[in-house]
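Structure first, commentary second.
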Amino acid sequence: MSFYIGREASKLWKRVCAETTTEINLLAENWKYLLGGLVCQYIHGLAARGVHYLHKPGPTLQDLGFYLLPELGQDNAYISETLFSAIFLSFVLWTFHPFIFKSKKIYTVLIWCRVLAFLVASQALRIVTFYSTQLPGPNYHCREGSKLATLPRPESVLEVLLINFPRGVIYGCGDLIFSSHMIFYH
């Protein structure tokens, strides 16, 4: 029994080493695309922060979706972020499955190149839409009377360039013409 486990562990280690070598070679070829995609993610974060400076709180807009799927309430708002985090984390873990499982050849670096290319295109369109259409944010922190609904004028360029993670990501306002979460879900 121990001989069999040892032999399988050896095969797994060889597979991980071979996969790592292949992925490093692919990373050496595609690092510019990955870096470009990550830079665009940062630009998207800056744009979302910039539109928050322009956000003007107002009445919550009503639509059919609001009536069919009512809001969770302020006490249960964490459910949305928890669900998003679980889905996103499971995807990230899945992209590394070629290191362990023997399956159809999928390369982690190429998956991330495609994902980032999709995000760049989607979020570029998102930036155009939320700057061209200013709507009051429906979240509790974006409503009239909330101190987080508008950001005070920045005192320095550094304040604008440093995205306050996770507060700046979770408590953004004015950028919900279509959701960034939905981009990641697709």
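The values are calculated or read from the model by the stated rules, or taken from the named source; none is laboratory data. Please read these numbers as outputs of a predicted model, since none were measured by experiment. Heads up, the Cβs are rebuilt from the backbone with ideal geometry, glycines too, and the neighbour counts pull from every protein chain shown.
Here's the yes/no breakdown for (1) free of Cβ contacts under 8 Å to residues at least 12 places away in the same chain; (2) among the β-branched types (Val, Ile, Thr); (3) out of contact with any Leu (no Cβ under 6 Å at 6 or more places or on another chain); (4) surrounded by 15 or more Cβ atoms within 10 Å (Cβ to Cβ):
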| position | (1), (2), (3), (4) |
| --- | --- |
| Phe96 | no, no, yes, no |
| Phe101 | yes, no, yes, no |
| Tyr107 | no, no, no, yes |
| Arg114 | yes, no, yes, no |
| Ala121 | yes, no, yes, no |
| Leu135 | no, no, yes, yes |
### Summary
By residue number, the members of the stretch 22-46 that are small (Gly, Ala, Ser) and under 30 Å from Tyr171 (Cβ atoms) are Gly36, Gly37, Gly45
### Query
Among all residue pairs at least 6 apart or on different chains, which show Cβ distances below 8 Å where the first residue, located in the stretch 63-91, is farther than 16 Å from Ser180 by Cβ and the second is exposed (fewer than 13 other Cβ atoms within 10 Å of the Cβ) and modelled with pLDDT under 80?
Ile79/Leu72
### Query
Is it true that some residue in the stretch 8-20 is in contact (Cβ under 8 Å) with a residue 40 or more places away in the chain, under 23 Å from Val115 (Cα atoms) and among the acidic types (Asp, Glu)?
yes
### Query
If you check every pair at least six apart or on different chains, which have Cβ atoms under 6 Å apart with a residue in the stretch 142-157 that is assigned to a loop (DSSP other than H, G, I, E, B) first and a residue that is β-branched (Val, Ile, Thr) second?
Pro154/Val160
#### Entry: Scan of the stretch 52-72 for residues that are of a type outside the set (Ser, Thr, Tyr), assigned to a helix (DSSP H, G or I) and within 25 Å of the chain's Cα centre (by Cα), ordered by number
His52, Leu54, Gly65, Phe66
